[in-house]
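Novice: Starting off with a structure, shown below.
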Amino acid sequence: MTPEILAMLGGGVTGFVMRLIAAQAENQARSINALERRQNLVDDSADRAAARVGGTWIRRFIVVCTMFAVIAAPFIVAFTSVDISVQQETSKFFGLFKGVRWEQVSGYVILPEVRQTALAIVGFYFGSSQVK
């Protein structure tokens with residue numbers, strides 16, 4: 001091979017490699033710009049959601065009601081003589097005949113939903129305090 005052909009092949013390969021690197025850099029810049037636009041949209045949406053009136057107060061009200069039901073209400077009910085009616089399902093003859101019976105219970109009943117809500121609230125607040 002003559003030096004002219006080698007120079008021409010070398011120049012062609014070098015030009016191809018440089019063009020390939022430039023195309024990859026351009027693609028990377030486009031994807032970074034797309035990610036920035038997407039993040040700006042997400043931030044915008046979060047800012048608008050945070051600016052809505054009443055959202056934080058409603059969540060705080062739910063937390064206060066749940067904590068009252070789990071912590072304060074059992075102590076208040078302990079000093080009163082109010083009975084609570086509880087529904088109990090009955091079955092006779094191996095479950096062929098089912099019925100409902102109401103019983104009076106002294107004390108305070110905490111529903112499983114209230115316990116789960118309290119656990120979620122406590123987990124959320126302790127989890128968010130670990131992030132700071």
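Read the figures in this text as sums done on the coordinates, not as results from a lab. Please read these numbers as outputs of a predicted model, since none were measured by experiment. Quick reminder, even Gly has a Cβ in these numbers, built from the backbone with ideal geometry, and neighbours come from all protein chains shown.
Novice: Could you give the dipole magnitude of the chain about its Cα centre, charging the beta-carbon of Lys and Arg +1 and that of Asp and Glu -1, in debye to the nearest 20? Walk me through the intermediate numbers first.
Specialist: Details: 13 positive and 10 negative charges, 56 e Å.
The dipole of the chain has a size of about 280 debye.
Novice: So how many Å³ per residue does the convex hull of the Cα atoms of the chain work out to?
Specialist: Values: hull volume 39.3 nm³, N = 132.
Hull volume over Cα atoms, normalised by residue count, gives 298 Å³.
Novice: For the residue pair VAL42 and TRP102, what label-to-label distance in nm results when each label sits 7 Å from Cα along the Cα-to-beta-carbon direction?
Specialist: In this crude label model, VAL42 to TRP102 measures out at 5.3 nm.
Novice: I would also like to ask the following. Go through LEU41, PRO3, ALA22 and say which Cα lies farthest out towards the positive end of the charge dipole of region 1-123; charges sit on Cβ, +1 for Lys and Arg, -1 for Asp and Glu.
Specialist: It is LEU41.
Novice: Based on other C-beta atoms within 10 Å, arrange ARG19, ARG115 from fewest to most. Please report the intermediate quantities before stating the final value.
Specialist: On the way: ARG19 10, ARG115 13.
The order, fewest Cβ neighbours first, is ARG19, ARG115.
Novice: What is the sum of charges around ASP44, taking Lys and Arg as +1, Asp and Glu as -1, for the other residues whose C-beta is under 14 Å from the C-beta of ASP44?
Specialist: Numbers: positive: ARG37, ARG38, ARG48, ARG52; negative: GLU36, ASP43, ASP47.
Around ASP44, the surrounding residues sum to +1.
Novice: Let me have the relative contact order for the chain, percent, based on Cα pairs under 8 Å that are six or more residues apart.
Specialist: Values: 59 pairs, mean separation 23.8, N = 132.
Rounded, it is 18 percent for the chain.
Novice: Same structure, new question: Go through region 35-73 and name the trypsin sites (Lys or Arg not before Pro) that are in a DSSP coil and have 12 or fewer other Cβ atoms within 10 Å of their Cβ.
Specialist: On the way: sites: ARG37, ARG38, ARG48, ARG52, ARG59, ARG60; in loops: ARG52.
Passing both the DSSP loop test and the Cβ count: ARG52.
Novice: Return THR56, THR2 ranked ascending by Cβ neighbour count within 10 Å, so the fewest neighbours appear first. Display every interim value, and only then the final one.
Specialist: Numbers: THR56 10, THR2 7.
Least crowded to most crowded, the residues run THR2, THR56.
Novice: Of ALA78, ALA51, VAL122, which is farthest along the charge dipole of the chain in the positive direction, counting Lys and Arg as +1 and Asp and Glu as -1 at C-beta?
Specialist: So the residue furthest toward the plus end is ALA78.
Novice: Would you compute the Debye intensity of region 21-68 from its alpha-carbon atoms alone, equal scatterers and no solvent, and pass along log10 I(q)/I(0) at q = 0.20 Å⁻¹ to two decimals?
Specialist: Cα-only, vacuum Debye calculation for region 21-68: -0.74.
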